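Inspection log for the structure reproduced underneath, given as structure tokens.
The values are calculated or read from the model by the stated rules, or taken from the named source; none is laboratory data. No experiment lies behind these values; they were computed from the predicted model shown. Here the Cβ positions follow ideal geometry from the backbone for every residue, glycine too, while neighbour counts run over all protein chains shown. Please note that ligands, DNA and RNA were not included when accessible areas were found on the heavy atoms of the full protein model with its side chains. Shrake-Rupley method; radii C 1.70, N 1.55, O 1.52, S 1.80 Å.
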Amino acid sequence: MSAPVIFSTFTTASGHNFGHAALNNPAALNALTLPMIDLLDPQLKSWAEDDSIAGVVLSAAGDKAFCAGGDVVSLHHASKRVGAGVVPPEAEAFFEREYRLDYRIHTYPKPILCWAHGIVMGGGVGLMVGASHRVVSPNARIAMPEIHIGLYPDVAGTWFLHCMPERTGLFLALTGAIVNAGDALLGKWADAVIEHAQFSNVLHAIENTSWQGELKSDREKLSTVLRQFEVNAPTPLLHTHAKEIDAVMNHDTLAEIDVSLRALQQSEVAWLAKAAQAYAHGSPTSAALSFELMKRHAGADLDDVLRLEYQASVGCCVHPDFPEGVRALLVDKDKSPKWNPGKLSEVSEATIHDLLKPRFLGLHPLNDLSISL
């Protein structure tokens, strides 16, 4: 079998090299697995420390997807194996190492270009948003759809969604709505829209450029390289429907938003109605957890965000909704999850507190995040 991540380097006009990491599981839409994470993170660390490397390109094999999210099916099986109320060791390992990788990308000391074409969801968005240069294709389909599986927008999603205009980020967290390349620009998830067919030409342009080995200068040069390939982005859905979204989301409590979102199912706008229906079909506990985390992460530092998200994600593996949601959507595929509890009004503060509590002894597994990378 071929490696789940393919690494290579190429030499540029100045003699500097660029590292290239390509996710390589197109049959699974490049879903991010722990073996992929364990290959990516040390290689990025090595390139960061190598003076001959001026920058990095992160892409994915196949034409359909950059990355459709994390390998939650494996976590589902792990949760079922250990039984209710027990934290699977695989979940502790996956979330700790995934969040370390995301943090490394956010804080990378060299230009890093993420080429995110096609489907970009969940953990794939987490890989993309932290890069210094984020390219999406015009046909990109982007979402944080975790409410459908009893999770929440992790990989710092509760942080970068909160930074979006008005309450559009909360709308996306609660509905898992699919947005386009224009929305990615609007939300500052992406920097440029370029046809996927231009990828090899972009690589050649990087190869033919002289780099300095200095972060600020090389970031500016990479931006200049990308500008010559940019195309017009589709009109952002969040902009087109801003008034309707604001009317639904402009409430102080989640209970009030719940009423408005459910009423939106009757909208004559298909995209809005579908988003509202997805919310109504999603996990009430996920909705409450997302709402709470986005409140807590207003103005928070990234390392603190990821530490609390680690606790929440491990907590979700103990809660019944996560394995049930993955079962219904991705394992049995009956799309009929039985959420527990089944109504938002039945989700207690004690449940959210339990989801967020530490489930480790001693120091937090991500305690050293801000100093170890």
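Details
- Taking H204, H297, H77 in turn, the Gaussian network model of the chain (Cα-Cα springs below 10 Å) assigns the largest fluctuation to H204.
- Added length on full extension, which subtracts the Cα-Cα distance from 0.36 nm per residue, A27 to E166: 46.3 nm
- Charge tally for K333 (other residues, Cβ to Cβ under 14 Å; Lys, Arg +1; Asp, Glu -1): -1.
- Most mobile of T253, T209, T175 in a GNM of the chain (Cα contacts under 10 Å): T253
- Top of S286, S46, S223 by mean-square fluctuation, Gaussian network on the chain, Cα under 10 Å: S46
- Beta-bridge orientation, segment 64-156: approximately 10 percent antiparallel, per DSSP, counting only bridges with both partners inside.
- Local net charge near A131, Cβ-Cβ under 14 Å (Lys/Arg +1, Asp/Glu -1): +2
- Contour excess over end-to-end distance, with Cα ends at S223 and K335 and 0.36 nm allotted per residue: 36.1 nm
- Residues whose placed amide H lies under 5 Å from that of E195, excluding near-sequence neighbours: V231
- Residue-count net charge about H364 - beta-carbon cut-off 15 Å; Lys, Arg +1, Asp, Glu -1: -2
- Protein accessible area in the chain, 1.4 Å probe - carbon and sulfur %: 52
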